[in-house]
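What follows is one structure encoded as C-alpha cells, with my remarks underneath.
The values are calculated or read from the model by the stated rules, or taken from the named source; none is laboratory data. Note that this is a predicted model, so its numbers are computed, not measured. Here the Cβ positions follow ideal geometry from the backbone for every residue, glycine too, while neighbour counts run over all protein chains shown. We work out accessible area using only protein heavy atoms, side chains counted, and drop any ligands, DNA or RNA first. Shrake-Rupley method; radii C 1.70, N 1.55, O 1.52, S 1.80 Å.
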Amino acid sequence: MTATTRRTAGRRAATVAIGAAGAVALLAGCAQEVPTPTAEEPFTGPMVTVEQEDAVVADVASVLTEASEERDAKLLKARVTGPALEVRSSQLKVAAERKDDSLVTDIPTDVLRSILPTTQTWPRVSYTITEPTADLEVNRLVAYQQASARDNYRLWAWVQLIPGTTMPNFADPELIGSDAVTPDDDSLAVTPADALAQYADLVTKGTDDSKNAAAFELPSGSQDLVARVQADASSVRENDGFGEADGEYALTFVPQGDLVAVRTSDGGAVVMGALDGNVRIKVEEDGEINPLTETQKALVGDKDATNELYVEYTDQVALYVPPAGSEELMRPLGYSHVAVAADTSIPDKKNTDRKK
C-alpha cells in the first residue's frame, strides 16, 4: 500500500548553555538516587486501522482491475500472492483465450466487516467480509498478507461464502483486533493444518468413504466443496456412454503447505488455505474425451482430444474450527473451485505430488 504518512512534529527542545557552575551542580546531582522509569504496558490492539484496511482493499482492487483490463497476469504480482495469485493468473489466462471476462471472480470493494491483526511480528494477515457483488453473488471472505514491515499488503486468498452459512464472531476490529493462530495450534479441536488435511480427504473421498466425515457439519441446504466435487464426479461416472467406453474417473485433493488462521471470540479459529487437486479421466484407447467446461476448454487450447483428460485445481477454502473441548463440529464456510491447468494426457508428476 502506497500511503502518505503525516508526521506531527513535537516541540523542539530548547538549547541551554551550561557554564562552569552549572556543570558542578549537574555533577553533584549525579549522587542523588535516579528514579526508575516505569515500563509502559505493551500495545495489544490492532496493528492496522479500519481506514488503513480500506486503503489496502482499494489499492489491491485497482491492480486487479488493471490486470483484468490488460488480461495480463504479470501485473498481479505487485499486490497478489499465495493461492490467490495462482487462481487469478489462471482466470486471466482463460479470459484471454476466450476473449471474455465472465469467468473472472468479482471481489467487491464494499466491506461489510474487517478483521484486523494484533500480530506484532510478520507476516501479518488481515481479513474482510465483503458485501454481495453488484450481481447479488454471495459475500466473499478475503485475506490480505503483509510479508514484512516494508512490504505492501497483498491479496493472499479469497472464498465465496456458502449461502446461508453463519460466520463466527470476531473481536471488535477497532478496539481489540483478532489474534493470529499458528498451523500447529493445539488449543483447537484439531490443529489448523490437520483441519485442512481432514477436509481434503473428505473432498477426495466423499461423505460415504472418508473417515473424517463425522468431524464436519456440512451444509444441508447449500453446496459446499465436498458436494461440488462429488457431484461433478458422479455426473461423469453415471453417464451411460462413459460406462460403455470403460471409463475411469479418479480424483485427489491435498492441502498446500501454507495457511492463515485467525482467532474467533469463542476461542476457535477461522482457517483459510488452499487444496491442490486433480481429476484424471480415461476411456478406452480408441475413444476420445473432450474438456467438460469452458474453463477446461480454454486451458487445453488447440490440442486434439485423446482418450485422456487431466485437470488441475487450486481450491481456496475457509473452515471454522471450534476450540478444544467443544461439542461443535468443524464447518466449511466457503470455497473457490477453479481449474488452473488442463491437458489431454495424464502426466507422471502431478500438482498433488509437489513438495509441501
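Yes/no matrix, rows are residues, columns are (1) hydroxyl-bearing (Ser, Thr, Tyr); (2) over 26 Å from Ile162 (Cβ atoms):
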position	(1), (2)
Asp286	no, yes
Gln296	no, no
Asp302	no, yes
Asn307	no, yes
Tyr320	yes, no
Ala324	no, no
Glu327	no, no
Arg331	no, no
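Is it the case that region 296-303 has a residue that's under 26 Å from Thr128 (Cα atoms) and out of contact with any Gly (no Cβ under 7 Å at 6 or more places or on another chain)? There is no residue in region 296-303 that is under 26 Å from Thr128 (Cα atoms) and out of contact with any Gly (no Cβ under 7 Å at 6 or more places or on another chain). Of all the listed residues (Val262, Val317), the sole one being in contact with a Gly (Cβ under 7 Å, 6 or more places away or on another chain), crowded, with 23+ Cβ neighbours inside 10 Å, on the phi < 0 side of the Ramachandran plot and at pLDDT 95 or above is Val317. For region 105-129, a tally of residues being assigned to a strand (DSSP E or B) and either modelled with pLDDT under 95 or not aromatic (Phe, Trp, Tyr) (or both) returns 11.
Residues in region 180-190 include none that are part of a helix (DSSP H, G or I) and farther than 30 Å from Val50 by Cα. Please enumerate the residues belonging to region 185-213 that are open to solvent by 30 Å² or more (accessible area, probe 1.4 Å), in contact (Cβ under 8 Å) with a residue 60 or more places away in the chain and aliphatic (A, V, I, L, M). Correct list: Ala189, Val190, Ala193. Kindly indicate the residue of region 112-128 that is of a type outside the set (Ser, Thr, Tyr) and either touching a residue at least 60 places away in the same chain (Cβ under 8 Å) or in contact with a helix residue (DSSP H, G or I) (Cβ under 6 Å, 6 or more places away or on another chain) (or both) and also surrounded by the most Cβ atoms within 10 Å (Cβ to Cβ) among those meeting that condition. If we take residues in region 112-128 being of a type outside the set (Ser, Thr, Tyr) and either touching a residue at least 60 places away in the same chain (Cβ under 8 Å) or in contact with a helix residue (DSSP H, G or I) (Cβ under 6 Å, 6 or more places away or on another chain) (or both), then Leu116 is surrounded by the most Cβ atoms within 10 Å (Cβ to Cβ). Kindly indicate the residue of region 129-163 that is open to solvent by less than 20 Å² (accessible area, probe 1.4 Å) and in contact with an Asp or Glu (Cβ under 7 Å, 6 or more places away or on another chain) and also nearest to Thr105 (Cα to Cα) among those meeting that condition. Going through the qualifying residues, I end up with Thr133. Restricting attention to region 283-321, the residues that are in contact with a Leu (Cβ under 8 Å, 6 or more places away or on another chain), of a type in the set (D, E, K, R) and in a strand (DSSP E or B) total 1.
For region 164-184, a residue qualifies if it is open to solvent by 40 Å² or more (accessible area, probe 1.4 Å), of a type outside the set (Val, Ile, Thr) and under 17 Å from the mean Cα position of the chain (by Cα), and the qualifying residues are Met167, Asp179, Ala180, Pro183.
Each residue in region 59-91 was checked for being of a type in the set (D, E, K, R), open to solvent by less than 30 Å² (accessible area, probe 1.4 Å) and not in a helix (DSSP H, G or I), and 1 of them qualify. In the set Glu244, Glu327, only one residue is farther than 25 Å from Ile107 by Cα and at pLDDT below 95; that residue is Glu244.
One line per residue, one yes/no per condition, for (1) touching a Leu at 6+ places or on another chain (Cβ under 7 Å); (2) basic (Lys, Arg); (3) over 24 Å from Gly267 (Cβ atoms):
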site: Ile107; (1), (2), (3): yes, no, yes
site: Asp110; (1), (2), (3): no, no, yes
site: Ile115; (1), (2), (3): no, no, no
site: Arg150; (1), (2), (3): no, yes, yes
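Of the listed requirements (1) under 15 Å from the mean Cα position of the chain (by Cα); (2) over 21 Å from Ser336 (Cβ atoms); (3) not basic (Lys, Arg), Ala149 misses just one: (1). When the criteria are applied in full, Val94 fails the requirement of being modelled with pLDDT of 95 or more, within 18 Å of the chain's Cα centre (by Cα) and either crowded, with 17+ Cβ neighbours inside 10 Å or of a type in the set (Lys, Arg) (or both). Give the residues of region 220-242 that are out of contact with any helix residue (DSSP H, G or I) (no Cβ under 8 Å at 6 or more places or on another chain) and in a loop (DSSP other than H, G, I, E, B), sorted by residue number. Result: Ser220, Gly221, Ser222, Asp224, Glu238, Asn239. Consider region 326-340 and keep the residues that are among the small types (Gly, Ala, Ser) and part of a strand (DSSP E or B). The one that is surrounded by the fewest Cβ atoms within 10 Å (Cβ to Cβ) is Ser336.
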